[in-house]
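Below: one structure, written as structure tokens.
The values are calculated or read from the model by the stated rules, or taken from the named source; none is laboratory data. Being a predicted model, the structure only gives us computed values, none of them experimental. As a convention, Cβ positions derive from the backbone with ideal geometry for all residues, glycine included, and neighbour counts pool all protein chains shown. SASA here: full protein model, heavy atoms, side chains in, ligands and nucleic acids out. Shrake-Rupley method; radii C 1.70, N 1.55, O 1.52, S 1.80 Å.
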Amino acid sequence: MRMTVADVMTTKVVSVTATTPFKDIAEALIAGGISAVPVLDDDNHVIGMVSEADLLRKEEFREQFYREGYRPPLRARLRHPKGRQKAAGDTAAELMTSPAVTVYPEASAVAAARLMDAHDVKRLAVTDYNGRLQGIVSRRDLVKLFLRGDEEIAAEIRADVLDRELWVNTEGVHVQVEQGIVTLSGWMEHRTETGIAVRMTARVNGVVDVVDKLTWKTDDSKWDAK
């Protein structure tokens with residue numbers, strides 16, 4: 001039920017080395033239809049990432065500051081030190097963002113999505129615990145998780161969550177899925193059990209949201225309060 005990075009990542013990865021020239025990196029991105037490539041050392045360790053944004057800085061700075069031989073004032077150059085360095089870079093080592101944002105294959109797909117959002121990146125290098133490249137996971141890979149059919153999602157919720165994982169009576173629970181939105185209706189023995197059922201359902205891959213219409217016979221939440 002818990003989808004990991006290993007389940008969705010791409011293992012055939014386009015990569016470059018620290019000495020790869022600017023034009024070769026650009027060609028690799030265009031030919032592969034990708035937005036970034038990992039930079040590897042001689043032992044397959046990920047030492048950085050070069051993205052389209054890193055390459056575009058070079059042209060942006062040329063257009064903005066060096067048109068017709070113009071050289072920006074010292075204040076402007078100091079205000080954009082990293083961008084200025086990348087704008088002058090000619091190899092992956094000079095253009096890359098380092099250290100790279102990485103994730104382990106065993107991490108959950110949800111954790112990978114949160115990591116991308118936190119660092120505002122579109123893809124993550126997947127490494128083993130020694131930092132060696134295992135694959136790449138992109139936003140597109142994670143979005144695919146939400147393309148599962150409603151019937152498939154409903155079947156998993158019934159078989160894995162309700163009938164196997166909960167270990168309680170779920171015969172009174174009904175599952176309906178429409179466009180990835182799950183509605184749980186019917187009854188369960190205890191109120192706390194309904195909360196667990198909803199939370200576990202929300203973790204199923206492809207579930208967009210869960211509508212809780214469950215009722216219960218006994219409100220055991222008051223017992224916990226005591």
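Values computed for the structure shown
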| read-out | value |
| --- | --- |
| Residue list for segment 2-34, filter: open to solvent by 30 Å² or more (accessible area, probe 1.4 Å), of a type in the set (S, T, N, Q) and more than 22 Å from the chain's Cα centre (by Cα) | Thr17, Thr19 |
| Single condition Asp163 does not satisfy, out of (1) closer than 24 Å to Ser108 by Cβ; (2) touching a helix residue (DSSP H, G or I) at 6+ places or on another chain (Cβ under 9 Å) | (2) |
| Segment 94-116, residues that are assigned to a helix (DSSP H, G or I) and open to solvent by less than 20 Å² (accessible area, probe 1.4 Å) | Leu95, Ala109, Ala112, Met116 |
| Selection count where residues are modelled with pLDDT under 95, more than 23 Å from Val110 (Cα to Cα) and of a type in the set (D, E, K, R), scope segment 169-219 | 6 |
